[in-house]
């Protein structure tokens, strides 16, 4: 239940209902359920159905397909945070005999391994997992389609390998590890590898007639880490809140943020939409917003989870049809409706709890050559460097405790910022990855690479 402060306005709720009603009707979905999350809590649930007098609620299970991959990625990131593996490790270091050579854990997470998109025939989504009892059966005789690490190529077998990695390092089946380490701590009691009533049935809708055909619900076996899970809008709403904020019982906020960071280049066809992939999460720019999440589909089901971290709004949409409404668009629209109708209220400004004099000394105006920048300290303990005009390079910096700062984003991500002092202790300049920032443009009193023309600034005739 939501408190009055968390509830959406009546006009917003109607706009959300209208959006899913149009999607269900025009997409000819037997049913469509959705949820919206704001400030870490579900604030709206909606449903449309072709069954008169019955509307599935937030506890009815649907198959979520490849959203399963994000759950698998969380398990891998937990192993990394514990020091059990490094993302740069070749898979073969931990799961020998896969014939994947130097393919790394990170490349599997980001779909840059070069592996095929699908396992060998028959189509794994519509055939029993027992037909693929071993990893060799999943990969086939020619597992690669591209050179390793050269391009993004979505790979379902790649996530099967990550599931095998989890099983090997934890010494327990993937589904048991998932339950113990993610589902139970987050309270996702209605998420699991097999359906539990109440759950929707999967349907195919005839493309040229309003007729339906029941779809099989196969156990995917080895392919389970790529797409097996069933879930609800209620559970996925809680999962979306976790992917926004992190949860120290499962994965810290910094690691979740790392998952949301682009790790794979966009395909040429996706460049216009600004779509790319992180570590188990899809990333796209739409309507001026950065959206992260994942889509999913299996015969009889469609699913999408979309998050705007900046707006602190997320949406989940599920349908029980093989093809129909574009749920990625639906979920993005639900986020947009809430974000535009009820914009996020900023947190109150608060001053620094403590002021470090040596850090305060670095604030103010600096110049890289003739480009002007401002360095500020913020209440979250970070420093920000931003251009005084235009769209130049900018970044936030994290203090390292020794007077140096490490860049967190953009061109300066990972680069070191430090103050270079004169013998008397005063600051001569800032060094940022070898770039020299001075208090005046080409300050003649500072150590500027190449020196400063002794004739100084002058006019020209």
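The values are calculated or read from the model by the stated rules, or taken from the named source; none is laboratory data. Just so we're clear, the structure is a prediction, and the values are computed from it rather than from any experiment. Counting neighbours? That spans all protein chains shown, and the Cβs are built from the backbone with ideal geometry, glycine included.
Being over 19 Å from residue 160 (Cβ atoms) and touching a residue at least 60 places away in the same chain (Cβ under 8 Å) is a property that holds for residue 41.
Hey, any hits in region 364-379 for a residue that's over 28 Å from residue 258 (Cβ atoms), over 33 Å from the mean Cα position of the chain (by Cα) and not in a strand (DSSP E or B)? Within region 364-379, one or more residues are over 28 Å from residue 258 (Cβ atoms), over 33 Å from the mean Cα position of the chain (by Cα) and not in a strand (DSSP E or B).
Answer with yes or no whether residue 234 is in contact (Cβ under 8 Å) with a residue 40 or more places away in the chain, within 21 Å of residue 334 (Cβ to Cβ) and in a strand (DSSP E or B). No, not satisfied.
From the list 413, 446, 379, 389, the one residue that fits, being surrounded by 15 or more Cβ atoms within 10 Å (Cβ to Cβ), out of contact with any helix residue (DSSP H, G or I) (no Cβ under 9 Å at 6 or more places or on another chain) and modelled with pLDDT under 95, is 446. Restricting attention to region 109-141, the residues being on the phi > 0 side of the Ramachandran plot and part of a helix (DSSP H, G or I) number 0. If you go through region 409-461 and keep only what is within 30 Å of residue 261 (Cβ to Cβ) and not in a strand (DSSP E or B), you end up with 409, 410, 411, 412, 413, 414, 415, 433, 434.
Scanning region 275-310 for residues that are surrounded by fewer than 19 Cβ atoms within 10 Å (Cβ to Cβ), out of contact with any strand residue (DSSP E or B) (no Cβ under 8 Å at 6 or more places or on another chain) and assigned to a loop (DSSP other than H, G, I, E, B) returns 287, 288.
There is at least one residue in region 259-274 that is outside any strand (DSSP E or B) and at pLDDT 95 or above. Taken as a whole, the condition of being within 28 Å of the chain's Cα centre (by Cα) and either at pLDDT 95 or above or outside the structural domain of residue 42 (by TED's automatic domain parsing) (or both) does not apply to residue 426.
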